[in-house]
1. Short version: ³J(HN,Hα) in whole Hz for each residue of the stretch 97-112, in order, from phi by Karplus 6.51 cos²θ - 1.76 cosθ + 1.60 (θ = phi - 60°), x for Gly and Pro, what are they?
2. Solvent-accessible area of Asp197, probe 1.4 Å, all protein chains present, reported in Å² to the nearest ten, please.
3. I'd like to check one number: the per residue accessible area of the chain, probe 1.4 Å, reported in Å² as a whole number.
4. Taking only DSSP H segments of four or more residues, each worth -39500 (n - 2.57), what value at 222 nm results for the chain once the sum is divided by all its residues, to the nearest 500 deg cm²/dmol?
5. State the dimensionless ratio Rg/Rh of the stretch 132-249 (Rg: radius of gyration of Cα atoms; Rh: Kirkwood radius).
6. If amide H atoms are built 1.01 Å from N in the plane of the peptide, which residues on other chains or at least 5 residues away come under 5 Å of the amide H of Leu239?
7. Output ³J(HN,Hα) for the stretch 143-158: one whole-Hz value per residue in order, computed from phi by the Karplus curve 6.51 cos²θ - 1.76 cosθ + 1.60 with θ = phi - 60°, and x for Gly and Pro.
8. Compute and list, largest first, the equivalent-ellipsoid semi-axes of the chain from the alpha carbon gyration tensor, each √(5λ) rounded to a whole angstrom.
Amino acid sequence: MLQANKQVAIVTGGGSGIGLAIAAKYVGQGIHTIIIGRDNDKLEKARQELGTLCYPIVHDLSDLSSIPALINNIMTTHGQIDILVNNAGINMKKDFITTTDEDFQQIIHTNLIAVFVLSREVIKQMQLRKSGCIIHISSMAAQYGMPRVIAYSASKSAIDGMTRAMAVELSGQGIRINAIAPGFIETAMTATALNSDPERKQKALSRTPMGHMGKPENIADAALFLASDSAAYITGVILPVDGGNSIGF
Ligand code: NDP
């Protein structure tokens, strides 16, 4: 069970896919949930769907220098941040050799450095209350070689390393840090990559012992558990939610 007192969560990329499912779970538990994305229409639609405990903020997180002010504004409005889910992410399918410096940088800024800056700014206030929970959304691409996702894989592997390092440093201060590594989940991100290539989709599914793709709600269930008191003694974990993909086939 989640704590009975008022709780505030931030879910980045909460306007769609996995982030929206996580935000819906949190709102369903009475958690005041701030969702952040770049697309106002998407966020507004989510707000209408999720109701009054959902607070959309339009913000491009790849603009790293603007993040401290973003967190300050959230603190002024909501007074506390109990849970941060670093879910926003981008991917780009390109051969290694055609990936430009700018492509690489764009992905690293959004998937990694923004996660670092957001976490640092949020942790500053979590340290004062000696409590908090951060969940990074990683990927099985962090652990397994996949073609044409060079910068994405690099960013997610770094997230795994950062999860462990943060957990070791911060857990003694009451702040738990965990990550979730989704397998193939049905969202806009995979629709572009897999649905346009049935052969690739079949190959991906043949490597998934459960034989089907996951749903955003499967990741949301894990994010709800990790944020709850039921996970009070869990930190530094990278939890696969992947239909068995990571155990082999
Ligand atoms: P979506 O494309 O549906 O969601 C990505 C979200 O990130 C969008 O809501 C988008 O919002 C937001 N976002 C992207 N860039 C920025 C930015 N610069 N600033 C603010 N928000 C941003 O994909 P998923 O739901 O599938 O992905 C969510 C996470 O799960 C990602 O980190 C992804 O890497 C990870 N993941 C997904 C898997 C899958 O199979 N789907 C597998 C493994 C990991 P907006 O468009 O409004 O900017």
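1. Karplus-based 3J(HN,Hα) across the stretch 97-112 equals 6, 9, 5, 8, 4, 5, 4, 4, 5, 4, 5, 5, 4, 6, 7, 10 Hz.
2. 60 Å²
3. The answer is 48 Å² per residue.
4. The helix-only estimate for the chain comes to -13000 deg cm²/dmol at 222 nm.
5. We get a ratio of 1.00 for the stretch 132-249.
6. Ala179, Ile180, Ala181
7. Computed from phi, the couplings for the stretch 143-158 are 9, 10, x, 10, x, 6, 9, 4, 5, 4, 4, 4, 5, 6, 4, 5 Hz.
8. Equivalent ellipsoid semi-axes, largest first: 28, 19, 19 Å.
The values are calculated or read from the model by the stated rules, or taken from the named source; none is laboratory data. These numbers were taken from a predicted model, which means no experiment stands behind them. Please note: Cβ atoms are built from the backbone with ideal geometry, for glycine as well, and neighbour counts cover all protein chains shown. Just so you know, the surface numbers come from the protein's heavy atoms only, side chains and all, with ligands and any DNA or RNA stripped out. Shrake-Rupley method; radii C 1.70, N 1.55, O 1.52, S 1.80 Å.
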